[in-house]
Structures are given as structure tokens and as C-alpha cells.
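The block underneath contains the structure these notes are about, expressed in C-alpha cells.
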Amino acid sequence: MGWRIGVIGGDGIGPEVVEQGLRVLRHLDARERLGLEEVPFDLGAERYLRTGDTLPDADFERLRDEVDAIYLGALGDPRVPSNVHAKDILLGLRFRLDLYVNFRPITLLDARRCPLKDKGPADVDMVVFRENTEGLYTGVGGQFKRGTPDEVAIEAELNTRKGVERIIRAAFDHAEERGAPSVCMADKANAMRHGHDLWQRVFREVAAEHPSIRAFHLYVDVLAMEMVRAPERFDVVVTNNLFGDIVTDLGAQLQGGIGLAASANLHPGQGPGLYEPVHGSAPDLVGKGTANPLAALLTAGWMLEHHGRADLNQEIHDAVRGCLLADEVTPELGGTLGTTEVTDRVIARLG
């Protein structure tokens with residue numbers, strides 16, 4: 001296989017959980033002869049505090065040109081209240097690498113972890129395609145008369161035909177590849193008539209090219225309600241940057257908590273993807289050995305799948321499910337094991 005992983009441990013518990021993910025990858029590399037090579041990058045709060053650098057061009061160019069995937073822990077440090085380094089690294093990589101797909105699988109592995117009554121793994125099994133490079137996160141806007149009683153603040157949502165169409169096509173392509181029966185598009189076209197009318201028109205046009213897939217639309221507030229009432233309705237969901245950010249965190253809770261949520265930032269067919277567990281840097285847990293590594297392990301599994309080894313991703317999911325069912329988990333999930341011990345149990349199940 002042969003591939004290079006750019007490793008950014010980041011801040012807080014980021015380096016701790018990334019190391020556990022790398023342990024799983026090393027184990028599978030030794031077993032399967034994947035040809036894995038780790039390429040460490042010194043990026044995060046420590047470097048920013050030491051040098052003032054966030055994402056220097058030289059590091060960005062190496063990440064763009066010299067690795068096949070980027071594995072990122074977490075970013076955020078109380079010593080940098082503005083979190084400027086986190087914004088420059090995470091959003092900088094998303095925008096500069098044009099990683100327009102934020103891929104968020106929402107898969108319940110243990111029914112006991114779901115906060116919904118009488119819902120199990122067959123009910124909570126979907127993936128959200130969040131548009132990752134446009135919307136309200138582009139910083140378009142400004143402030144006028146800042147700090148006065150007459151202050152005006154404007155935040156503009158950017159939607160392009162190219163951006164909307166490619167994320168919708170990616171969602172339908174995924175549904176076709178996986179045999180998923182439906183794609184739901186969520187917007188707020190009843191209130192945001194201009195930008196979201198574009199989403200409506202493009203969705204209808206692309207859906208017409210996929211007659212075997214049931215395409216339906218919900219306003220995003222209805223989507224949120226339905227994810228709680230009847231998550232089994234959803235197979236693939238596609239939505240914009242802001243709404244995707246919100247509903248995927250709701251989905252993370254449905255699958256058992258943010259400590260089980262994996263993600264990938266992708267430009268299908270182009271350049272390296274950026275893979276990160278969704279949880280934050282949790283500075284209060286640093287060095288205690290109790291951080292939950294499972295999201296980082298599941299993220300590593302998706303990295304393997306997107307590089308042609310869906311079988312290994314399934315193995316990791318099965319091993320994590322086994323640990324959850326056996327309560328071989330960290331205190332966050334009600335267990336008694338430490339970060340390294342949980343990973344030991346996962347590796348033992350991998351054989």
C-alpha cells in the first residue's frame with residue numbers, strides 16, 4: 001500500500017489520543033504490511049507560544065505535497081485566548097487544501113450509550129456531508145461603529161453554485177457507492193430565500209440524476225427534531241457549513257457522546273484528507289491518563305477506509321464495539337480504564 005501520514009498532535013489531550021490511534025495503525029501496519037510512515041509536524045499552541053507561528057507556508061506546502069493523509073488531534077489552549085493558532089491551522093488547512101467535504105459518520109455501536117428511548121444501532125446509522133469551505137464561516141462581513149451604541153455587525157453567508165453542487169454530488173455519490181436508499185438535504189430556504197434557493201434548485205437537479213435514491217428535503221429545524229424523534233429516517237444528510245456543524249454534534253450525542261465521534265475533511269480524488277476526532281482539547285484532562293481515545297481510533301479507521309482498506313476500518317469498529325459492550329472504557333463512559341488500557345483492549349481484539 002505505502003502511504004505517509006502527517007501527524008499533528010495539537011493541544012491538550014490531542015497528542016495523547018493521537019498516539020493511541022498511531023498505536024492501532026502501527027499494529028495493523030505490522031500485521032498487514034501497509035507501508036505506513038509517520039511524518040510529525042510541530043504545530044499547535046506550544047509552537048505558537050514559542051515562535052509566534054501558526055501555519056507557516058513551509059509546513060503547509062509539506063502537508064499539501066508530501067503526505068497522503070493528515071491526522072490531527074485537537075486544537076485549543078487557554079494560554080491562547082483568541083485561539084488564533086487553532087483557526088489558522090484547522091480552517092487554514094480546510095480552506096487552503098479545498099477540503100470541501102466534512103464527512104461525519106453517526107453510528108451507534110452500543111444501544112446503551114444512546115440517550116433516545118428504544119433506539120438501537122439499526123436506528124442510528126447515518127452520515128452527514130457538511131459543506132466545509134463556504135457559508136457563514138468564510139469571514140465575509142464587517143463591523144461599523146464598533147464599541148458604540150450604534151454598532152453594526154454584518155456576517156454574510158457565501159454560497160456558490162460550484163460549492164453547493166459539489167457537496168450535493170458528493171452526498172449522492174456516497175449513497176450510490178454504499179447502497180444507501182436516501183439522501184436528505186437540509187436548509188432554511190423559507191427564511192434565507194436567496195442562498196438557500198440555490199441549494200433547493202441544485203438539489204432537485206442532482207437528485208434527478210439519481211432516480212434510484214429517495215431524495216427529500218427538510219428545513220434544518222425539522223431535521224434536528226426528526227433526528228431525535230426518528231433517526232432511522234436518515235441514511236445520508238447533506239447541508240451547509242453552519243447547519244452541518246450543529247446537527248453533527250447532535251448526532252454525536254445520539255451515537256454515545258462526542259468522545260465517540262470521528263470526522264474527515266476531504267476533497268475526493270485530490271490531495272491529502274484531514275482526519276480528526278471531533279472532541280476538543282480538554283486541557284483539564286491533560287496528563288491524567290483518562291482521556292477517551294475511541295474517537296481518535298475510529299477516525300484512524302476512516303483514514304484506512306478512504307485509502308482503500310474498508311476491511312480494516314470495519315475491524316476497528318468491531319473492536320471498539322466490543323470494548324463498549326464489555327464496559328472496557330474510560331471514566332467518561334462509565335468505565336475504570338485509562339487511555340492506554342482502552343487502546344490495549346482494542347488492539348487485543350484486532351488480533
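The values are calculated or read from the model by the stated rules, or taken from the named source; none is laboratory data. A quick note: this is a predicted structure, and the numbers were derived from the prediction, not measured. A quick note on method: Cβ atoms are made from the backbone with ideal geometry, for glycine too, and the neighbour counts reach across all protein chains shown.
So that you can scan it fast, the table gives a plain yes or no per residue for (1) hydroxyl-bearing (Ser, Thr, Tyr); (2) crowded, with 24+ Cβ neighbours inside 10 Å:
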residue: THR239; (1), (2): yes, yes
residue: ILE258; (1), (2): no, no
residue: LEU294; (1), (2): no, yes
residue: LEU297; (1), (2): no, yes
> Out of all the residues in the range 43-67, which are over 21 Å from MET303 (Cβ atoms) and touching a helix residue (DSSP H, G or I) at 6+ places or on another chain (Cβ under 9 Å)?
Replying inline: ALA45, ARG47, TYR48, LEU49, ASP53, THR54
> Does the range 59-71 include one or more residues that are free of Cβ contacts under 8 Å to residues at least 12 places away in the same chain and either closer than 14 Å to HIS307 by Cβ or not assigned by TED's automatic domain parsing to the domain that holds MET303 (or both)?
Replying inline: no
> Has the range 192-203 got any residue that is in a strand (DSSP E or B), at pLDDT 95 or above and under 13 Å from PHE129 (Cβ atoms)?
Replying inline: no
> From the list LEU266, LEU198, LEU223, LEU274, which residue is farther than 28 Å from HIS317 by Cβ and buried (at least 16 other Cβ atoms within 10 Å of the Cβ)?
Replying inline: LEU198
> Among (1) closer than 30 Å to LEU108 by Cα; (2) surrounded by 14 or more Cβ atoms within 10 Å (Cβ to Cβ); (3) over 19 Å from the mean Cα position of the chain (by Cα), which single condition is ARG166 missing?
Replying inline: (3)
>> Within the range 216-324, considering only helices (runs of 4 or more DSSP H) that don't extend past its boundaries, which have at least 1 residues that are within 14 Å of the chain's Cα centre (by Cα) and at pLDDT 95 or above?
In response: 241-254, 294-305
> Can you tell me which residues in the range 162-183 are outside any helix (DSSP H, G or I) and either closer than 12 Å to THR239 by Cα or free of Cβ contacts under 8 Å to residues at least 24 places away in the same chain (or both)?
Replying inline: GLY179, VAL183
> Which of the residues belonging to the range 3-34 are part of a loop (DSSP other than H, G, I, E, B), in contact with a strand residue (DSSP E or B) (Cβ under 8 Å, 6 or more places away or on another chain) and more than 18 Å from ALA295 (Cβ to Cβ)?
Replying inline: LEU34
> Taking LEU43, is it at pLDDT below 95 and either outside any strand (DSSP E or B) or buried (at least 23 other Cβ atoms within 10 Å of the Cβ) (or both)?
Replying inline: no
>> I need every pair where a residue in the range 224-236 that is more than 10 Å from ALA186 (Cβ to Cβ) and assigned by TED's automatic domain parsing to the domain that holds GLY120 has its Cβ under 6 Å from the Cβ of a residue that is of a type outside the set (Ser, Thr, Tyr) and part of a loop (DSSP other than H, G, I, E, B), sequence separation at least 6 or different chains.
In response: PRO231/ASP123; PRO231/VAL124; GLU232/ASP123; ASP235/ALA180; ASP235/PRO181; VAL236/ALA180
> From GLY76, GLY2, GLY9, which residue is touching a Gly at 6+ places or on another chain (Cβ under 9 Å) and surrounded by 21 or more Cβ atoms within 10 Å (Cβ to Cβ)?
Replying inline: GLY9
> Being within 23 Å of ASP98 (Cα to Cα), more than 24 Å from the chain's Cα centre (by Cα) and among the acidic types (Asp, Glu), is that true of even one residue in the range 146-161?
Replying inline: yes
> Taking the range 325-341 as the region of interest, how many residues are of a type outside the set (Ser, Thr, Tyr), without any contact (Cβ under 8 Å) to a residue 60 or more places away in the chain and under 18 Å from GLY256 (Cβ atoms)?
Replying inline: 8
> Which ones in the range 80-114 are part of a loop (DSSP other than H, G, I, E, B) and buried (at least 19 other Cβ atoms within 10 Å of the Cβ)?
Replying inline: LEU97, LEU99, TYR100, LEU108, LEU109, ASP110, CYS114
> Hey, any hits in the range 153-165 for a residue that's among the aliphatic types (A, V, I, L, M) and under 25 Å from ASP125 (Cα atoms)?
Replying inline: yes
> Just one of THR138, THR148, THR133 is β-branched (Val, Ile, Thr), assigned to a loop (DSSP other than H, G, I, E, B) and crowded, with 21+ Cβ neighbours inside 10 Å; which is it?
Replying inline: THR133
